[in-house]
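This report refers to the structure that appears directly beneath it.
Any read-out appearing in this document is the output of simple, stated calculations on the displayed coordinates, not a laboratory observation. Note that this is a predicted model, so its numbers are computed, not measured. Quick reminder, even Gly has a Cβ in these numbers, built from the backbone with ideal geometry, and neighbours come from all protein chains shown.
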Amino acid sequence: MTDTGPLLSTPLHALHLSLGARMVPFAGYDMPVQYPAGVMKEHLHTRAKAGLFDVSHMGQVIVKAQSGTFEDAALALETLVPVDILGLKPGRQRYGFFTDEKGGILDDLMLANRGDHLFVVVNAACKSADIAHMQANLAGCSVTPIKDRALIALQGPAAEAVLASLNADVTAMSFMDVRDVTLVGADCIVSRSGYSGEDGFEISVPADKAEDLARALLAHSDCEPIGLGARDSLRLEAGLCLYGNDIDTLTSPIEASLEWAIQKARRLGGAREGGFPGADRILREVTNGTLRRRVGLKPDGKAPVRAHARLFADAEGAHDLGEVTSGTFGPSVEGPVAMGYVPVSHASPGTQIFAEVRGKYLPVTVSALPFITPTYKR
Amino acid sequence: MLKFTAEHEWLKLEGDVATVGITQHAADQLGDLVFVELPEVGASFEKNGEAATVESVKAASDVYCPLSGEIVEINEAITSDPSLVNSNPQGAGWFFKLKLSNVADADDLMDEAAYKELIG
């Protein structure tokens, strides 16, 4: 995304400043990259207790059919997203992605059945393109960006206890449930989901109540604010893709090892097979596989291997395999972790390959994802 | 004698050898360090040559050689525990000792007062 015009701010901007956050531009917003505790402590706190993240920069969108039925909205969105949306039960959420005619990924998203409409959450950097894409292509539907709500993520093993201190109803929710919940007197939409590999919640809250809610959550002794720095290391340890790094229009969902998100109903022989952009390629790849795959990469040494490092089959850098797409130090793994694309010949866990870092070829082992054991409440 | 560079390194001069590290300000800006790569003893660098690399969770940064010279000692303690650089950057978190090619070069560097003014 190009940096044009002044930075936008979220409804929690003043709170971030009052908490001493270091702010950086991210997807056109002035966002907290870390608080005084620092990335390492914030990451470990989220895995040990509970972390609060401002993700209000993400796009919240309502897709509603003119007929007023969920089914018509679901069938319309299925023309852009290779996921079984019709089969999504009321109060349930699913992961998906918009694909293009070449079978690449335009963005990834969360979508929820909210009874008579779909509630969609998309990435900040892609949201205007996603909204335009839906408005242009979803026949018989209204596509309405929600501009008056913030989005707060609460992640970690203590997230349930922290949120239950405001409304005990949330304890009955399972992973990927979505409900209306009243919090600090505000009508919120709460899903049991997140981007950290931990149990947790994502809360859509009216903008004018967002700071009240964040302060009420932070008042709990187990809850600390967490910046974008730790959000990135948490999601990478959890093996979750970052759009623009690990997936983009040059990666297909199958190359990206995301075939689990394409349910049977949309595959060859399914009740609603194909019917989305790039279906020919994507469904062929479900059956026949791909030349390359996204894999986890565990550097053997202590040096982090970052995005765009080249990967090689040999320690001399003769046989180029592909590229690292995300890489950092994993505070919970206590060592560097990365993801990247390699040919299927080198994609089996345990395969030793090499990453070029500052002119050296460092040994890296292909690893199963995620690097940590998720604690989702199934 | 303590000297500073605009690249946020400090040098403690004893004869023709300077102990070199990064300043508290630099350590604070970098955040939690997770990896340090030091030069080899015996390596020679020109002024502003890339002598060491530090990595935080978020990013890698170069540490420049503040003056021309030869590395005569390195602090292996910070490669085994990079957090020493965050906790004590101007003490136990030093990087290397540099035998200066020309001691008089140090005269051009900042003193502590000038450095403090630079970082505000």
How do A:Glu71, A:Glu101 rank when sorted from fewest to most other Cβ atoms within 10 Å of their own Cβ?
A:Glu101, A:Glu71
Can you give the FRET efficiency for A:Thr171 and A:Arg215, using 1/(1 + (r/R0)^6), R0 = 22 Å, r = Cβ-Cβ distance, to the nearest 0.05?
0.50
Please give the length that would be gained between A:Lys102 and A:Lys147 if that part of the chain were fully extended, namely 0.36 nm times their separation in residues minus their C-alpha to C-alpha distance (nm, one decimal).
13.0 nm
Within chain A, how many Lys pairs sit with Cα atoms under 17 Å apart, leaving out pairs fewer than 8 places apart on the same chain?
9
Separation between the B:Met110 and A:Ala161 pseudo-spin-labels, each 7 Å from Cα along Cα→Cβ, expressed in nm?
4.7 nm
dims of segment B:2-102, Cα set, principal axes, largest to smallest, nearest Å -> 36, 24, 21
Neighbour counts of other C-beta atoms within 10 Å: give me A:Asp177, A:Asp300 arranged from fewest to most.
A:Asp300, A:Asp177
Once the piece of chain linking B:Glu70 and B:Ser44 is laid out straight, how much longer is it, given 0.36 nm per residue of separation minus the C-alpha distance between them?
8.9 nm
Which whole number gives the average, over all residues in A:323-335, of C-beta atoms from other chains lying within 10 Å of the residue C-beta?
2
Computed over chain A, the convex hull of the Cα set has an average projected area, in nm², of 18.4 nm²
Taking just the alpha-carbon atoms of segment A:48-196, what radius of gyration and Dmax come out, in angstrom?
15.6, 48
Suppose R0 equals 56 Å; then what is the FRET efficiency for A:Asn245 and B:Glu14 from their Cβ-Cβ distance, rounded to the nearest 0.05?
0.75
With an 8 Å Cα cut-off and a minimum separation of 6 or more residues, compute the relative contact order for chain A in percent.
17 percent
Computed over segment A:259-367, the ratio Rg/Rh where both radii use C-alpha atoms and Rh is Kirkwood:
1.10
Give me B:Ile119, B:Ile78 sorted ascending by neighbouring Cβ count inside 10 Å, so fewest comes first.
B:Ile119, B:Ile78
Under a 5 Å amide H to amide H cut-off, with H placed in plane at 1.01 Å, what residues pair with A:Tyr376 once short-range neighbours are removed?
A:Asp199
For segment A:100-107, Karplus couplings with θ = phi - 60° (6.51, -1.76, 1.60), whole Hz, Gly/Pro x:
10, 4, 8, x, x, 9, 7, 5
Chain B - percent relative contact order, Cα under 8 Å, separation 6 or more
31 percent
Note, A:Val205: beta-carbon cut-off 14 Å, +1 each Lys/Arg, -1 each Asp/Glu, net -3
Which far-off residues, 5 or more places away or on another chain, put their amide H under 5 Å from the one on B:Val57, with H placed in the peptide plane?
B:Asp32, B:Val34
Would you mind estimating how fast segment A:253-296 diffuses translationally, via Stokes-Einstein at 10 °C and 1.306 mPa s with the Kirkwood radius over Cα pairs, in µm²/s?
149 µm²/s
For segment A:366-378, Karplus couplings with θ = phi - 60° (6.51, -1.76, 1.60), whole Hz, Gly/Pro x
5, 10, 5, 9, x, 7, 10, 8, x, 10, 4, 8, 6
At 222 nm, what value in deg cm²/dmol follows for the protein assembly as shown if DSSP H runs of at least 4 each add -39500 (n - 2.57) and the sum is divided by all its residues, to the nearest 500?
-5000 deg cm²/dmol
Remind me, what semi-axes does segment B:1-45 give for its equivalent ellipsoid, largest first in whole Å, using sqrt of 5 times each Cα gyration tensor eigenvalue?
20, 16, 8
Under the 7 Å Cα-to-Cβ spin-label approximation, A:Ala136 and A:Ala271 lie apart by a distance in nanometres of 3.1 nm
What's the average, rounded to a whole number, of partner chain beta-carbon atoms within 10 Å of each residue's beta-carbon in B:51-57?
5
Between segment A:164-219 and segment A:6-62, the alpha-carbon center distance in angstrom
17 Å
What does the highest-first list of A:262-273, A:34-45 look like by mean Cβ count within 10 Å?
A:34-45, A:262-273
